[in-house]
Each structure stands twice: as C-alpha cells, then as structure tokens.
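First up is the structure itself, then whatever we jot down about it.
Derivation of every value follows stated rules applied to the coordinates shown; laboratory data play no part. All of these numbers come straight from a predicted model, not from anything done at the bench. Positions of Cβ are backbone-derived with ideal geometry, glycine not excepted, and every protein chain shown enters the neighbour counts.
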Amino acid sequence: MQMDLKAFEAEAMTLPVSQRAIVAQHLLSSLDDIVEQENELLWLEEAGKRYDSYKAGALPARDAFEAIVDMRNRL
C-alpha cells in the first residue's frame, strides 16, 4: 500500500523524538545516493518552478550582486 506524503508526515510526527531523528537521518542519507544526473534534473525542475512563480508575480526579482552580498554577509 502506498502512503501519500501528508499521511506519512502525520504518521512520522507521532513517533518519539529519538525515532523521528533516526527516520530523518535515514532520509537525509538516502539523498547522498542520488546520482549526479538525477540531482541536476531535480535542480532544473526547481529552477523551472521558481521561474514560473516569478513570471506569475509570486516571487520578486533580485539583483544578483545584492543576492551574493547578502549570502556573503550570512557566512
């Protein structure tokens, strides 16, 4: 039986903290197994979603120089 994401999340949230931490660790480590090509496709998909949101007016544009300065200041 396949569980949808919301049902899985709800079920996982009922676990004790220590067990949730184990599940989180397993999920995060599984991302290390993604091959480079799949990773690139995921980033392209995310970029497409962000561009569509920008074109729809849901996301504002930012100057690249300002964004880089902000990121450097956070480091």
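Going by the conditions given, is residue 52 over 23 Å from residue 5 (Cα atoms) and surrounded by 11 or more Cβ atoms within 10 Å (Cβ to Cβ)? Yes: the conditions hold for residue 52.
Only one entry in 11, 38 is over 27 Å from residue 59 (Cβ atoms) and either touching a Lys or Arg at 6+ places or on another chain (Cβ under 9 Å) or of a type in the set (Asp, Glu) (or both), namely 11.
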